[in-house]
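J.: Take this structure, written in structure tokens, and hold onto it; I'll ask about it next.
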Amino acid sequence: MLILVTSPSRELHPLNIDMEDNRRKQTKGCDLRSRLQRRSSHAPNTERLSTEEIILWSQSLERLLTSKYGMATFQAFLKSEFSDENIEFWLICEDYKKIKTSFRLSSRAKKIYKTYIEAEAPKEINIDHKTRDLIGQNVKTPSTVCFDEAQRIVYSLMEKDSYPRFLRSNIYRTLLDSASEYTKM
């Protein structure tokens, strides 16, 4: 969340915004670590996330997305950066491919197009104009593959941008450290 700090003269100070943001980033890891430690001490019989699984997430985006906990953690990270439209779109496309009836295929394709593809869509994804136009044509006679090119582009963007940032994030590092500390106990 961005906080604007004004002085008595009502001028905005970007430095104050940056300082507040840095303070939040520094404390976010500490807060997450303490919450994870409290959770593990209060729920001894629950399923635990292993250090090995967390380490596997760093091998590839595919590994991360095939893990239930990896997916949830990555989504939380993207949401914290206000960039969760890509993973949402990718997941919706995965579900879309499973649709069997042509009526549902058509109505869902239109909804996906209006939400993620068309210019100025509420959760517009970053794709080129050519792909956007191609999907616009595909949606007129939808099939299970009509979003494949956009899905490929979005996956590539996540793999090259969001995923490396996730691996460097406080969220991932704190989770990895907490899991490592737990296994030492």
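The values are calculated or read from the model by the stated rules, or taken from the named source; none is laboratory data. As the structure is a prediction and not an experimental result, all values here were calculated from the model. Cβ placement follows ideal geometry from the backbone for every residue including glycine, while neighbour counts extend to all protein chains displayed. Just so you know, the surface numbers come from the protein's heavy atoms only, side chains and all, with ligands and any DNA or RNA stripped out. Shrake-Rupley method; radii C 1.70, N 1.55, O 1.52, S 1.80 Å.
J.: Using a 1.4 angstrom probe on heavy atoms only, work out the carbon and sulfur share of the accessible area of region 62-185 in %.
T.: Numbers: 3860 of 7200 Å².
Ligands and nucleic acids excluded, carbon and sulfur give 54 percent.
J.: Quick check: net charge around THR73, other residues with Cβ under 11 Å of its Cβ, Lys/Arg +1 and Asp/Glu -1? Working shown, then result.
T.: On the way: positive: LYS68, LYS79; negative: GLU53.
Cβ neighbours under 11 Å give a net charge of +1.
J.: Can you give the Rg to Rh ratio of region 73-185, both from alpha-carbon atoms, with Rh computed by the Kirkwood formula?
T.: Numbers: Rg = 17.0 Å, Rh = 15.5 Å.
Dividing the radius of gyration by the Kirkwood radius yields 1.10.
J.: Give me a comma-separated list of calculated 3J(HN,Hα) values for region 49-55, in order, Karplus coefficients 6.51, -1.76, 1.60 applied at θ = phi - 60°, integers in Hz, x for any Gly or Pro.
T.: Residue by residue, region 49-55 yields 8, 7, 4, 4, 5, 5, 5 Hz.
J.: Give me the 1.4 Å probe accessible area per residue for region 54-185, excluding ligands and nucleic acids, in Å². Can you show the working numbers first?
T.: Values: 7560 Å² over 132 residues.
With all protein chains present, region 54-185 gives 57 Å² per residue.
J.: Another question, if that's okay. So if I take the centroid of the Cα atoms in region 64-113 and the same for region 139-176, what is the distance between those two points in Å?
T.: Region 64-113 and region 139-176 have Cα centres separated by 10 Å.
J.: Using the Karplus equation 6.51 cos²θ - 1.76 cosθ + 1.60 (θ = phi - 60°), what ³J(HN,Hα) coupling, rounded to whole Hz, does each residue of region 150-165 give in order, writing x for Gly and Pro?
T.: 5, 5, 4, 5, 5, 4, 4, 4, 5, 5, 8, 10, 5, 4, x, 5
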